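Asker: I have a structure I would like to understand better, so I am pasting it below and will then ask my questions one at a time.
The values are calculated or read from the model by the stated rules, or taken from the named source; none is laboratory data. On a predicted model such as this, the values are computed, not experimentally measured, just so you know. With ideal geometry, Cβ positions are generated from the backbone for all residues, glycine too; neighbour counts draw on all protein chains shown.
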Amino acid sequence: MFVRVVRQGENLVLVIPKEMFGVKDGAQLELVEIKPGIYSLVSPDALAPQVKKEAPLPAEIPSEKLPVSFEELGLLKKMAAMPMEARTIKGMGLSGAEQMMLNVLKKRGFIFFSEKKYPGGVYGLSREAYEMATRGSFFSPVPSPAERLSEKKILTWDEHLAKYGYVIIENEVEARDASMRLEQELRTGEVLGTRGFDKKYYVAQKRFYSAWNEKIRPLLMEKMLNLDQVAEKLSMSEVAARVALELMREQGEIIEKKKGWYSTV
């Protein structure tokens with residue numbers, strides 16, 4: 001079945017044959033670009049109730065191939081579980097850290113903002129983001145080699161925190177900015193932060209800290225290790241390992257017996 005595209009004023013209009021069953025006059029269809037040159041017309045209202053019932057569970061993707069971090073995947077899962085009309089900043093109840101993460105994912109094309117159907121606009125997930133969010137809890141907190149390399153790219157402190165779940169802030173001005181913007185998260189424990197002996201600020205989301213605390217503590221219970229050894233044994237980047245160790249030391253989980261060497265209390 002073919003449809004025609006005609007110009008109507010400043011807009012292009014799709015002319016659909018009347019033989020197309022299930023499409024009524026005035027119906028709103030979403031035009032989805034599958035890939036360049038290939039499009040699909042989708043009725044959001046008709047499709048929504050069928051997704052969980054009819055769609056087979058996709059095969060899991062190895063964590064090293066996922067283009068998002070553990071924290072970003074958590075936000076995508078949270079959004080995917082919500083009805084479309086609830087996906088506003090207020091409706092989703094996002095924290096300050098999650099709002100920053102939302103903006104980063106929007107820039108990267110995983111999230112979009114639309115005002116077509118809902119007053120005030122709502123946030124939606126791209127096809128790729130929705131597929132990742134509905135595959136189950138398969139994501140590992142271990143950063144992939146590609147992710148470790150990309151840490152070297154220039155990111156703002158909030159982009160790094162949103163993407164990787166941690167950041168080291170060396171600039172006093174940025175540290176004050178982070179303190180103000182993350183005030184609520186720091187107070188509730190959703191985000192942890194400390195100033196190291198090197199006068200740098202180590203900040204991480206609670207989920208990042210908890211995941212690595214569970215992996216690092218058993219290692220340090222066996223013997224004293226330095227930063228490089230911890231990073232190598234757990235396939236962590238040195239930056240991530242440093243943040244985790246500094247925060248664990250601040251929380252009283254471990255001690256630094258001598259400069260750069262750690263063990264449990």
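Asker: For the stretch 190-236, what are the residues that are of a type in the set (A, V, I, L, M, F, W, C) and part of a helix (DSSP H, G or I)?
Answerer: Phe208, Ala211, Trp212, Ile216, Leu219, Leu220, Met221, Leu227, Val230, Ala231
Asker: Assess whether Arg242 counts as being outside the structural domain of Glu98 (by TED's automatic domain parsing) and either in a loop (DSSP other than H, G, I, E, B) or free of Cβ contacts under 8 Å to residues at least 12 places away in the same chain (or both).
Answerer: When the stated conditions are applied, Arg242 does not pass them.
Asker: OK, next. Can Pro67 be described as at pLDDT 80 or above and farther than 26 Å from Gln184 by Cα?
Answerer: So Pro67 fails the test.
Asker: Within the stretch 116-134, is there a residue that is modelled with pLDDT under 85, within 17 Å of Lys77 (Cα to Cα), in a loop (DSSP other than H, G, I, E, B) and not assigned by TED's automatic domain parsing to the domain that holds Glu232?
Answerer: yes
Asker: Shifting gears a bit: Determine whether Lys215 is closer than 22 Å to Gly74 by Cα, of a type outside the set (Gly, Ala, Ser) and touching a Pro at 6+ places or on another chain (Cβ under 9 Å).
Answerer: Spelling it out, Lys215 is indeed closer than 22 Å to Gly74 by Cα, of a type outside the set (Gly, Ala, Ser) and touching a Pro at 6+ places or on another chain (Cβ under 9 Å).
Asker: What is the number of the single condition among (1) closer than 22 Å to Ser263 by Cβ; (2) modelled with pLDDT under 90 that Gln184 does not meet?
Answerer: Checking Gln184 against (1) closer than 22 Å to Ser263 by Cβ; (2) modelled with pLDDT under 90, the one that fails is (1).
Asker: If you don't mind, there's one more thing I want to ask. Given the condition modelled with pLDDT under 85, surrounded by 13 or more Cβ atoms within 10 Å (Cβ to Cβ), closer than 30 Å to Lys233 by Cβ and not hydroxyl-bearing (Ser, Thr, Tyr), answer yes or no: does some residue in the stretch 101-113 qualify?
Answerer: no
Asker: Within the stretch 217-236, can you find the residues that are in contact (Cβ under 8 Å) with a residue 40 or more places away in the chain and surrounded by fewer than 19 Cβ atoms within 10 Å (Cβ to Cβ)?
Answerer: Arg217, Met221, Lys223, Leu234, Ser235
Asker: Further question on the same structure: I'd like to know if the stretch 151-173 contains one or more residues that are modelled with pLDDT of 50 or more, surrounded by 14 or more Cβ atoms within 10 Å (Cβ to Cβ), among the hydroxyl-bearing types (Ser, Thr, Tyr) and not in a helix (DSSP H, G or I).
Answerer: For the stretch 151-173, residues modelled with pLDDT of 50 or more, surrounded by 14 or more Cβ atoms within 10 Å (Cβ to Cβ), among the hydroxyl-bearing types (Ser, Thr, Tyr) and not in a helix (DSSP H, G or I): present.
Asker: Take the conditions modelled with pLDDT of 90 or more and loosely packed, with under 13 Cβ neighbours inside 10 Å and apply them to Glu214. Does it pass?
Answerer: Against the criterion (modelled with pLDDT of 90 or more and loosely packed, with under 13 Cβ neighbours inside 10 Å), Glu214 qualifies.
Asker: Run Arg148 past the list (1) over 14 Å from the mean Cα position of the chain (by Cα); (2) part of a helix (DSSP H, G or I); (3) modelled with pLDDT of 80 or more; (4) not hydroxyl-bearing (Ser, Thr, Tyr) and report the number of the one that doesn't hold.
Answerer: Arg148 satisfies every listed condition except (3).
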